[in-house]
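Please treat every number below as a calculation from the coordinates, not as lab data. This is a predicted model, so every value here is computed, not measured. When we count neighbours, we look across all protein chains shown, and the Cβ atoms used for this are built from the backbone with ideal geometry, even at glycine.
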Amino acid sequence: MDARTKRWMSVSTAIVGGALVVTGCSGAEGNGSTASPARATPSRTSRPPLTAAQLKALAFKDSEVPQSYDSPVQDPVSESEGSTFPPVSVASCQRVFDVLDAKTKFASTDQIFNWKDNVFAGGITLASYEGAKAQEAFHRLQDSLKTCKSFTGVAWAGKYHAKVTVENAPDVGDEALNFHLISPAQIPGKNAVRDDHVVFVRVGDVTASFDDLAVGQKAEFPSDLIKKQVDRLSGAQAAHGAFDDDPASAS
């Protein structure tokens with residue numbers, strides 16, 4: 001089976017109307033969220049961020065994802081190959097999309113999951129950052145969601161309208177946010193609704209964006225895969241020297 005195009009590389013191009021339901025944790029409340037405190041990030045050494053090759057090595061093998069036909073890993077879409085749609089109508093909402101596209105990354109990689117029980121694919125984007133840029137990206141996303149409550153934009157199917165609300169997030173990584181993007185599915189002869197589910201997690205100097213899509217039912221990216229991926233990111237950075245409990249031992 002051929003890998004399907006990753007949908008969440010540019011969220012604003014994927015929807016034609018509906019509601020963006022966002023769930024979040026880690027620190028501040030906004031849009032009615034019930035937030036939990038962010039975990040303290042261990043002190044960093046001067047080690048470089050993970051490279052694209054190292055991120056790819058942390059992706060799942062096909063045999064590790066029995067619920068998927070295959071799980072190809074691919075390079076991210078370059079800006080020159082991306083869409084040329086104009087920004088959405090609200091600046092804070094556009095910042096949401098920019099963070100999900102990992103605009104300030106050092107390196108990134110994508111993995112597609114062609115599910116056996118869903119004609120729509122899911123995916124993971126891993127992105128590494130230099131210095132404190134991962135935290136900055138996460139907090140930019142979190143802060144933007146406080147004021148990104150509704151907006152309009154243009155996608156492949158034309159103009160659309162979306163509305164944003166905030167709910168709880170899973171207890172994973174250092175900080176996490178959880179998105180449900182609800183919009184008309186535009187299936188001829190049917191009044192169907194599509195649900196794009198996204199979990200955005202920061203683990204040290206890396207972010208992981210998990211996304212899934214369903215039509216006519218609630219989308220839910222498998223929680224076991226989220227936990228396994230987060231554990232891998234944490235372990236890889238510890239081995240790489242990204243974390244050091246004793247700042248004096250940093251090389």
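Annotations for the structure displayed:
- Vicinal HN-Hα couplings computed from phi for the stretch 219-231 (Karplus, 6.51 cos²θ - 1.76 cosθ + 1.60; Hz; Gly/Pro x): 7, 8, 5, x, 5, 5, 5, 4, 4, 4, 5, 4, 4
- This model, with +1 at the C-beta of Lys and Arg and -1 at the C-beta of Asp and Glu, gives the stretch 51-122 a dipole about its Cα centre of some 200 debye.
- For E130, the residues whose modelled amide H falls within less than 5 Å of its own, excluding neighbours fewer than 5 places apart on the same chain, are F106.
- Subtracting the Cα-Cα distance of D117 and W156 from 0.36 nm times their residue separation leaves 11.4 nm of extension gain.
- Only Lys, Arg, Asp and Glu carry charge here, each on its Cβ (+1 for the first two, -1 for the last two); on that basis the stretch 72-217 has a dipole of about 600 debye about its Cα centre.
- Each peptide among 189-196, 178-185, 106-113 gets the average number of other Cβ atoms lying within 10 Å of its residues, and from highest to lowest they stand as 106-113, 178-185, 189-196.
- A dipole drawn for the stretch 120-244 from +1 and -1 charges on Cβ atoms has a positive end, and of T207, A134, N191 the residue lying farthest that way is N191.
- Pairs of Cα atoms nearer than 8 Å and 6+ residues apart set the relative contact order; for the stretch 98-251 it is 19 percent.
- Placing a pseudo-label 7 Å from each Cα along the Cα-to-Cβ vector at V77 and K190 gives an inter-label distance of 2.3 nm.
- Taking 29 Å as the limit for the C-alpha separation, the pairs K116/K159; K159/K227; K56/K116; K61/K163; K56/K227 exceed it in the case of K116/K159; K159/K227; K61/K163.
- Whole-Hz ³J(HN,Hα) from phi, Karplus 6.51 cos²θ - 1.76 cosθ + 1.60, for the stretch 109-114, glycine and proline x: 8, 10, 10, 9, 10, 8
- Amide H contacts of L181 (H built 1.01 Å from N, in plane; Pro and chain starts excluded): V21, D196, H197, V198 sit under 5 Å, all sequence-distant by 5 or more or on other chains.
- Loop-resident sites, the stretch 76-166, for GluC sites (Glu not before Pro), counting at most 13 other Cβ within 10 Å (DSSP): E79, E81, E130
- When only Cα pairs below 8 angstrom with a gap of at least 6 residues are kept, the stretch 179-221 shows a relative contact order of 35 percent.
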